[in-house]
Amino acid sequence: MNDLRRLPVTAIPSLALEGVGFAHRGQTLLQPLDLRLTGCQRTLVMGPNGAGKSLLMRLAHGLLVPSRGRVSWEGRPPRQAMVFQRPVLLKRSALANLTYALAINGTPRRRRKLLAREALERFGLAALEKRPARVLSGGEQQRLALARAWLAEPEVLFLDEPTSALDPAAIQAVEDAVLDFHRRGTRILMTTHDLQQARRLADDIVLLYGGRLVEHSPASDFFTTPASAEARAFIRGELVW
Amino acid sequence: MPDDANAFQTALALIMGGDPDLLGIVMLSLQVSLTAVLIAALIALPLGAALALWQFPGRGVAIVMLNAMMGLPPVVAGLAVYLLLSRAGPLGEFGLLFTPGAMVIAQVILVLPIIAALTRQQVEELHSEYREQLSSMGVSRSRRIPTLLWDARLGLTTVMLAGFGRASAEVGAVMIVGGNIDGVSRVMTTAIVLETSKGNLPLALGLGIVLLVLVALINAAAHLVGETAQRRLG
């Protein structure tokens, strides 16, 4: 279970957002911001609901095109995967969801089942391989989404509030998985509004508030000596969600 | 006016007796309509899915046209195919007019817009749910067509049934291009028209009952398949 064959060690390209802003129907949802993410860190994006966290993730992952500014990877774009708040699974069995992902990334047919079963095993879903993905519990569905991302061997993994709809045991499983990804050499970019979760997982913190980037600092600094008034209020739990 | 009991008795006797003429008519009806639905589906399923996935200028017009074609009067479709296949027509040399082949062609024209338009709707709806996930996984647009068609398979069964319903119920198109020739191109609907106009109401009614039962059976089978799949797939 814990043989974490590390991904081939090549430097993960840095992500640069330069003056990136987003507007929809004349409404500015994300103020122009600059952000540079380097190395194999675990970056947690925090902020109240509507702060623009999900938007930032989608812009960085390339699901949305910014209204202004530029999102770029230094060198080549890395292999990426994203885990959403509500997992979108295909109307097929758990196993078929994984073999589909393998087919998409070009894995030869004869190796797909084996790899998929390994991933199911890793995420504690082996007994459920024949079950339709859509009838699994919320926690199981999210683990299956993580298993699918695992098979993509991403260099960068985006997670958008992956635990906000889950019970404590399922949250623990997701957090363990995030750490496994990181140990395998995957850069993590994850949103949460759970302060404790951020303390447990983060190397650095990005704080958004009202569509603005307020602060980006190492987790240790953020929690002990926050630079901005918003961060101080946020840590004291005074920022209204 | 014959009494209904008599008509039903005649109908039952025909069905139970396994009347070879009746059997021939029923088999031909099924053959023509099922072939038409199969051919139409092979074209319309990917076409509908493509229409759901691709944005292009004039897409709105194409969708409206397709939806309008769902209401194409069978006699008009029949007339168009008749003109194409008649001796003097562009496809006259194939000698298809008044054969089951011509009837299949006419029904394909009737069924194709229904399957394509409804498929477009269903696939578009499913894709709005899948879009981000598929984009995140880097699934190309042409690869999404089989993915979405397969995942929408439950709803698409109903779509195919709607197509079969239209094909098996219409009379105008098969009458014009088939000619209702005994033993060659006579199907249930054209036979019903003929027997009714001859005043042979018991036989017409008998055929009507057979048609109803067949359509009901096919729907029941599809429903069962759908239910089972629904239970298994959630």
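Kindly indicate whether residue A:148 is modelled with pLDDT of 95 or more, facing another protein chain (nearest Cβ under 10 Å) and in a helix (DSSP H, G or I). Walk me through how you get there before you give the answer.
Working: modelled with pLDDT of 95 or more: yes; facing another protein chain (nearest Cβ under 10 Å): yes; in a helix (DSSP H, G or I): yes.
Taking the combined requirement at face value, the residue satisfies it.
Given the structure, is residue A:120 modelled with pLDDT of 95 or more, touching an Asp or Glu at 6+ places or on another chain (Cβ under 8 Å) and away from every other protein chain (no Cβ under 14 Å)? Outline the logic, then answer.
Numbers: modelled with pLDDT of 95 or more: yes; touching an Asp or Glu at 6+ places or on another chain (Cβ under 8 Å): yes; away from every other protein chain (no Cβ under 14 Å): yes.
In short, yes.
List, please: which pairs have Cβ atoms under 7 Å, are six or more places apart or on different chains, and start with a residue in segment B:138-157 that is more than 9 Å from chain A (Cβ to nearest Cβ) and end with one that is in a helix (DSSP H, G or I) and exposed (fewer than 15 other Cβ atoms within 10 Å of the Cβ)?
B:157/B:225
I'd like the residue in segment A:123-145 that is in contact with a helix residue (DSSP H, G or I) (Cβ under 6 Å, 6 or more places away or on another chain), among the small types (Gly, Ala, Ser) and surrounded by fewer than 21 Cβ atoms within 10 Å (Cβ to Cβ) and, out of all such residues, is nearest to the other protein chains (Cβ to nearest Cβ).
The extreme case among them is A:139.
Which residue out of A:90, A:59 is in a loop (DSSP other than H, G, I, E, B), within 14 Å of chain B (Cβ to nearest Cβ) and crowded, with 20+ Cβ neighbours inside 10 Å? Can you show your working first?
Numbers: A:59 fails: in a loop (DSSP other than H, G, I, E, B).
Being in a loop (DSSP other than H, G, I, E, B), within 14 Å of chain B (Cβ to nearest Cβ) and crowded, with 20+ Cβ neighbours inside 10 Å holds for just one of A:90, A:59, which is A:90.
Which residues, taken from segment A:146-201, are polar (S, T, N, Q) and either under 14 Å from the mean Cα position of the chain (by Cα) or closer than 18 Å to residue A:120 by Cα (or both)?
Within segment A:146-201, the subset polar (S, T, N, Q) is A:163-164, A:172, A:186, A:191-192, A:196-197.
Within segment A:146-201, A:163, A:164, A:172, A:186, A:191, A:192, A:197 meet the criteria.
Any chance segment B:70-77 includes a residue that's surrounded by fewer than 17 Cβ atoms within 10 Å (Cβ to Cβ) and either touching a His at 6+ places or on another chain (Cβ under 8 Å) or among the charged types (D, E, K, R) (or both)?
Residues of segment B:70-77 surrounded by fewer than 17 Cβ atoms within 10 Å (Cβ to Cβ): B:71, B:73, B:75-76.
Applying the additional criterion that residues be either touching a His at 6+ places or on another chain (Cβ under 8 Å) or among the charged types (D, E, K, R) (or both) yields none.
Looking for residues that are surrounded by fewer than 17 Cβ atoms within 10 Å (Cβ to Cβ) and either touching a His at 6+ places or on another chain (Cβ under 8 Å) or among the charged types (D, E, K, R) (or both), one finds none in segment B:70-77, hence no.
Among the residues of segment A:93-117, what is the count of those that are on the phi < 0 side of the Ramachandran plot and within 14 Å of chain B (Cβ to nearest Cβ)?
From segment A:93-117, those on the phi < 0 side of the Ramachandran plot are A:93-105, A:107-117; that's our starting set.
When the remaining residues are screened for being within 14 Å of chain B (Cβ to nearest Cβ), the result is A:93-105, A:107.
Count: 14.
Only one residue in B:185, B:168, B:197 is away from every other protein chain (no Cβ under 14 Å), hydroxyl-bearing (Ser, Thr, Tyr) and not in a helix (DSSP H, G or I), so which one is that?
Values: B:168 fails: not in a helix (DSSP H, G or I); B:197 fails: not in a helix (DSSP H, G or I).
When all the criteria are applied, what remains is B:185.
Give just the number: which of (1) touching a Lys or Arg at 6+ places or on another chain (Cβ under 9 Å); (2) surrounded by 17 or more Cβ atoms within 10 Å (Cβ to Cβ); (3) at pLDDT below 95 does residue A:165 not satisfy?
(2)
Evaluate the following for residue A:64: is it part of a loop (DSSP other than H, G, I, E, B) and touching a Lys or Arg at 6+ places or on another chain (Cβ under 6 Å)?
Numbers: part of a loop (DSSP other than H, G, I, E, B): yes; touching a Lys or Arg at 6+ places or on another chain (Cβ under 6 Å): yes.
Spelling it out, residue A:64 is indeed part of a loop (DSSP other than H, G, I, E, B) and touching a Lys or Arg at 6+ places or on another chain (Cβ under 6 Å).
Answer yes or no: is there a residue in segment A:50-59 that is within 20 Å of residue A:163 (Cα to Cα), of a type outside the set (Ser, Thr, Tyr) and touching a Ser or Thr at 6+ places or on another chain (Cβ under 7 Å).
Yes.
The values are calculated or read from the model by the stated rules, or taken from the named source; none is laboratory data. Source: prediction; values computed, not measured. A quick note on method: Cβ atoms are made from the backbone with ideal geometry, for glycine too, and the neighbour counts reach across all protein chains shown.
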